[in-house]
Amino acid sequence: MSGNITFTIIKPFAVSDGHIGPILNKIHTAGFKISAMRMLWLTQGEAERFYEVHKERPFYSDLVEFMTSGPIVVAVLKKENAVADYRKLIGATDPEKAEEGTIRKEFARSLRENAVHGSDSDENAAFEGSFFFSGLQRF
Ligand code: CMP
């Protein structure tokens, strides 16, 4: 059975380009509720741990460097079928392949600077949400 939470990051360039508000607006319009949210600047160690699953990939160090290049916004989102519906809303990882109207199509600069992250499974949503938020910080 699919769960009702997913986890998202508004990535550094989307934050510095002024897209926090428009991205949150799309999230609300699509029917997601914000369960937890905050702005922070990841340390190298935190980014390495968060992206450990990609450790063997050729883009790992580049990804860590990018994700520590400025403040980000992290949030836990609630909705029925949250993981699949949010992935549909954000579009393909590569913005050139993302459908019109998706968050990445509108706000991404490139494959690496793809504006937002969205969990790819209920298990990862649980891990990623717990990485940043305790139970007391969720509503
Ligand atoms: P995301 O799906 O949030 O999590 C993994 C990230 O790695 C992905 O977004 C991209 O930002 C990045 N990524 C994936 N594939 C590549 C790639 N081939 N080159 C550079 N970055 C990548």
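A few remarks follow.
- Selection status of Ser110, open to solvent by less than 50 Å² (accessible area, probe 1.4 Å) and more than 22 Å from Ser35 (Cα to Cα): yes
- Qualifying residue in the range 129-138 (condition: surrounded by 14 or more Cβ atoms within 10 Å (Cβ to Cβ) and assigned to a helix (DSSP H, G or I)): yes
- Listed by first and then second residue, the pairs with beta-carbon distance under 6 Å, at least 6 apart or on different chains, first residue in the range 110-129 and modelled with pLDDT of 95 or more, second assigned to a helix (DSSP H, G or I) and among the small types (Gly, Ala, Ser), are Ala115/Ala14; Ser119/Ala125.
- Filter result (among the small types (Gly, Ala, Ser) and under 19 Å from Ser130 (Cα atoms)) within the range 31-83: Ser35, Ala36, Gly45, Ala47, Ala75, Ala82
- Set side by side, the residues Lys11, Lys78, Lys33 differ, and just one is in contact with a strand residue (DSSP E or B) (Cβ under 8 Å, 6 or more places away or on another chain) and open to solvent by less than 30 Å² (accessible area, probe 1.4 Å), which is Lys11.
- Residue list for the range 81-105, restricted to those being surrounded by 14 or more Cβ atoms within 10 Å (Cβ to Cβ) and free of Cβ contacts under 8 Å to residues at least 24 places away in the same chain: Gly91, Ala92, Thr93, Pro95, Ala98, Thr102, Arg104, Lys105
The values are calculated or read from the model by the stated rules, or taken from the named source; none is laboratory data. What you are looking at is a predicted structure, and each value in this text was computed from that prediction instead of being measured. Note that each Cβ is placed from the backbone with ideal geometry, even for glycine, and that neighbours are counted across all protein chains shown. Areas reflect the complete protein model, heavy atoms only, side chains present, ligands, DNA and RNA absent. Shrake-Rupley method; radii C 1.70, N 1.55, O 1.52, S 1.80 Å.
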